[in-house]
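The values are calculated or read from the model by the stated rules, or taken from the named source; none is laboratory data. Note that the coordinates shown come from a computational prediction; the quantities given were computed from them, not determined experimentally. Glycine also receives a Cβ, built like all others from the backbone with ideal geometry; neighbour counts cover every protein chain displayed. Remember, those area values only see protein heavy atoms, side chains included, never the ligands or the DNA or RNA. Shrake-Rupley method; radii C 1.70, N 1.55, O 1.52, S 1.80 Å.
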Amino acid sequence: MKRITTLFLLLIFVYSCGVKQTQSMLSDGDYDGAIARAVEGLRTNKNAKGKQDYVYLLEEAFAKAKDRDLRTIDALAKDANPSNLEKIYNTYLQLNNRQEKIRPLLPLRLLKEGRDAIFPFGDYSSETVSSKNALSKYLYDNSKLLLKTSDKMTIRRAYDDLAYLDNINPGYKDVKQLMDEAQFKGTDFVNVYTKNETNMIIPQRLQNDLLDFSTFGLNDKWTVYHSNRQKGITYDYGMIVNFRQINISPEQVKEKEFVKEKQVKDGTKPLLDANGNQVKDERGNVIMVDNFKTIRANIYEFRQFKACQVTAKVDYIDFKSNQLIETFPLASEFNFEYIYANYNGNKLACDNDYLPYFERRAVPFPSNEQMVYDTGEDLKAKLKNIITRNKFRR
């Protein structure tokens, strides 16, 4: 019984909070918020006596929301500003959507007054179509005007308007073609190339890899990178990967000698006490224990080493003004290291992960060109990071 009473009180509390929240929304002019809250409250047991507050609030909120929307449309229409057409169209959609939200709940009975709640629905289909057509014509005509400008940001706004037009009125005239035109005209095309200010030859493979932007995944909606200039395209920006210095260390072979020792099991032996006597178990048998011996190896290790450091800078150029926009440092290192070893003694004195070194022999050092090329993956990752973090347009 106590549990039932607690549950009943909890339901009353929840209902009371919901009604107060709806009343507050209504008082604040958030009519659609009040409608949404009341509709949610009436989804179950709508005819229950305890739901009457929601019915009254829903009736009042609907009337006030409808009145406000119609007055808004009237004021916008009188203003006769084409920029108001979207607001008018969306307000008609809002009027209809509000009705459709309430319609499934009807009829809603007001028990004390012995009547159904009044929701004066309207047919806004003609007005919705008319306002959509007017908005479509305005967006179409205005976008065509914007496409005649040379300002890319203006053209991008035209693209967004055309995309919105295509969404509300699919198949309208040649909108798809105009969107393609806006996409092309609004795109920033960036020409990417390299310069070599070092006294060394930069491997062509490295330059090709750095300029292969298809592997970078950096092209976005409004920026396209080309390493080879294409006909019919006016490039807005340039990005120059300027190699400044390449340092390559001499080929080095470092030798090191050290000793490894390890205790290994070598059969068994009798257990002796402190006096050197054999220890026996309770049956008189001699107790045997593991016998260990020390094995040793003299290791002669050879470490082949060669290092390469590439320093560069990335220049952003505005081709329209032929001005340097910004410069970013770029540097990478690659180390060639190879270890092989010989030994005297027992190689098992070494750790298992060291044993493969004994199977190796000296290998040829990579050429300087290969060393420079091997910096490529790190250079590409750092170049991609620079581009990702630093757009041409802020």
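Summary of values
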quantity	calculated
Spacing of the two label points (7 Å from each Cα toward its C-beta) at residue 315 and residue 384, in nm	2.6
Computed FRET value (nearest 0.05) for residue 305 with residue 184, which takes r as the C-beta separation and R₀ as 45 Å	0.30
Charge tally in the Cβ shell below 12 Å around residue 27, where Lys, Arg are +1 and Asp, Glu are -1, residue 27 excluded	-1
List 72, 22, ordered by accessible area with a 1.4 Å probe, largest first	72, 22
Accessible-area value, residue 324, 1.4 Å probe, nucleic acids and ligands omitted, Å²	100
Chain lengthening between residue 369 and residue 173 when straightened (0.36 nm per residue, less Cα-Cα)	64.8 nm
Residue-count net charge about residue 191 - beta-carbon cut-off 14 Å; Lys, Arg +1, Asp, Glu -1	0
Per-residue HN-Hα couplings for segment 38-45 [Karplus 6.51, -1.76, 1.60; θ = phi - 60°; Hz; x = Gly/Pro]	5, 4, 4, x, 9, 5, 10, 6
Long-range amide H partners of residue 292 with built H, under 5 Å	266
Residue with peak Gaussian network fluctuation, the chain [Cα springs, cutoff 10 Å], from 327, 268, 128	268
Rounded FRET efficiency, nearest 0.05, which uses the C-beta distance separating residue 149 from residue 251 and R0 of 51 Å	0.25
Highest-fluctuation residue, 303, 360, 283 considered, GNM on the chain with Cα pairs under 10 Å	283
Protein accessible area in segment 269-321, 1.4 Å probe - carbon and sulfur %	47
Where trypsin sites (Lys or Arg not before Pro) fall in DSSP loop in segment 185-245, at most 16 other Cβ within 10 Å	221, 229, 231
For the chain, radius of gyration divided by Kirkwood radius, i.e. Rg to Rh on alpha-carbons	1.31
Among 288, 268, 247 the positive-end extreme of the charge dipole of segment 211-299 (Cβ point charges)	247
Whichever lysines have a C-alpha closer than 20 Å to that of residue 49, once near sequence neighbours (fewer than 8 apart) are set aside	20, 112
Lysine pairs in segment 267-394 with Cα atoms under 29 Å, if 8 or more residues apart or on separate chains	19
Probe 1.4 Å, protein heavy atoms only - accessible area per residue of the chain in square angstrom	60
Cα-centre dipole for the chain with unit charges at Cβ (Lys and Arg positive, Asp and Glu negative), debye to 20	880
Net length gained if the chain between residue 163 and residue 333 were fully extended (0.36 nm per residue, minus Cα distance)	56.5 nm
Neighbourhood net charge (11 Å Cβ-Cβ; Lys/Arg +1, Asp/Glu -1) for residue 249	-1
Additional length obtainable on full extension of the chain from residue 68 to residue 268, 0.36 nm per residue less Cα span	61.9 nm
Rough spin-label spacing in nm, given labels placed 7 Å along Cα→Cβ, for residue 344 and residue 218	5.7
In Hz, Karplus ³J(HN,Hα) per residue of segment 340-355 (6.51, -1.76, 1.60; θ = phi - 60°; x = Gly, Pro)	9, 8, 10, 8, 10, x, 9, 5, 5, 5, 8, 5, 4, 6, 8, 4
Residue 279 accessible area, 1.4 Å probe, all protein chains in place, Å² to nearest 10	40
